[in-house]
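Here's the structure, in structure tokens; my notes come after.
The values are calculated or read from the model by the stated rules, or taken from the named source; none is laboratory data. Remember, predicted model here, so these are calculated numbers, not experimental data. Don't worry about glycine lacking a Cβ; one is built from the backbone with ideal geometry, like all the others, and counts go over all protein chains shown.
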């Protein structure tokens, strides 16, 4: 922006000739332009800050609802299954591998002036599953193609598109099955047959966990924006 | 739990929780937690490198408000959450208190102009 202002200031004397005060007028216009652009950047930062605050409040409200629903369902499940079947005494307090993982990427390692960590959640080992699936040497072209009745002159592109859609739907179905199995396994500590309320409580608390990670990111944005505004 | 050694995390991080109704979870023979114990747990969790998020019940956070409000590091993130008996109050949230302070300082600066 300074280069543009400088080049504009350099071009003006050619057009105006040796008019006294013309260069000073151009330079002051450039300074006012730069100040205007700085104020625009500040306004953008303030808007970003207020968006973060709004997002934080909305997420917090959603978290309150999710937790409230989860506690209600848990109490209902405890009532129907009995307090001995829904109790923390059933938990295994030994260290065990978590199926849902939290990761933090701190951008301060890349740019020390900007510390804005990013929190991500990997639920039910889905990232590990997708990584193991990606390691398979099977590619789209090598997958067995579905047979289609009717005309023998099917265009290849159509087949590939159908295969990719089918593969995607199979992947989504696999993921969904995996998540359902993981959820059932987590609830198996309460016994073989559990109340449906316990399952809905599990989903509520799972949602709450996602909201918590969203809140952590929102907090990180608020702190980063507020430090920018203070500067 | 506070006082526990770091758990091997393999590039993932932990979520710590400081909440009330601990006696409800572990039976009725747990002694009442003192404010000093809550402070010590908070200081421990915020200094550990394997913890990324600390969830603290807002009711408990109010007992150590000076510590929570004075904390300003990006990691671990301190989040005040509601509990069963104490709903969330945005007026006491430490993050929103900073927002209010920022706007109040901005308004003071505007008045001075």
- Message: Anything in the stretch A:73-97 that is within 11 Å of another protein chain (Cβ to nearest Cβ), in a helix (DSSP H, G or I) and touching a residue at least 12 places away in the same chain (Cβ under 8 Å)? List them, or say none.
- Response: A:74
- Kindly provide the set of residues from the stretch A:169-194 that are surrounded by 15 or more Cβ atoms within 10 Å (Cβ to Cβ), modelled with pLDDT of 85 or more and either more than 16 Å from residue A:90 (Cα to Cα) or in contact with a strand residue (DSSP E or B) (Cβ under 8 Å, 6 or more places away or on another chain) (or both), ordered by number. A:178, A:179, A:182, A:183
- Query: Hey, any hits in the stretch B:101-113 for a residue that's away from chain A (no Cβ under 14 Å), in a helix (DSSP H, G or I), modelled with pLDDT of 90 or more and surrounded by fewer than 20 Cβ atoms within 10 Å (Cβ to Cβ)?
  - Reply: no
- Query: In the stretch B:67-77, how many residues are at the interface with chain A (Cβ under 8 Å from one of its Cβ atoms) and crowded, with 17+ Cβ neighbours inside 10 Å?
  - Reply: 3
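Please work out if residue A:65 is modelled with pLDDT of 95 or more and either farther than 24 Å from residue A:218 by Cβ or in a helix (DSSP H, G or I) (or both). Can you show your working first?
Working: modelled with pLDDT of 95 or more: yes; either farther than 24 Å from residue A:218 by Cβ or in a helix (DSSP H, G or I) (or both): yes.
Yes.
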- Just give me the residues in the stretch A:173-231 being outside any helix (DSSP H, G or I) and under 22 Å from residue A:84 (Cα atoms), in sequence order. A:191, A:192, A:193, A:194, A:195
- Note on the structure: When (1) surrounded by fewer than 16 Cβ atoms within 10 Å (Cβ to Cβ); (2) at pLDDT below 90; (3) closer than 21 Å to residue A:60 by Cβ are applied to residue B:27, the one that fails is (3)
- Query: Which condition breaks for residue B:79 when tested against (1) modelled with pLDDT of 90 or more; (2) out of contact with any strand residue (DSSP E or B) (no Cβ under 6 Å at 6 or more places or on another chain); (3) under 26 Å from residue A:75 (Cβ atoms)?
  - Reply: (2)
- Some residue of the stretch A:79-100 being within 30 Å of residue A:220 (Cα to Cα) and at pLDDT 85 or above: yes
- Might you check whether a residue that is modelled with pLDDT under 80, more than 14 Å from every other protein chain (Cβ to nearest Cβ) and more than 26 Å from residue A:51 (Cα to Cα) occurs anywhere in the stretch B:57-66? no
- Checking residue B:93 against (1) more than 10 Å from chain A (Cβ to nearest Cβ); (2) touching a helix residue (DSSP H, G or I) at 6+ places or on another chain (Cβ under 8 Å), which single condition isn't satisfied? (1)
- Which condition breaks for residue A:211 when tested against (1) more than 12 Å from chain B (Cβ to nearest Cβ); (2) within 27 Å of residue A:71 (Cα to Cα); (3) surrounded by 15 or more Cβ atoms within 10 Å (Cβ to Cβ)? (1)
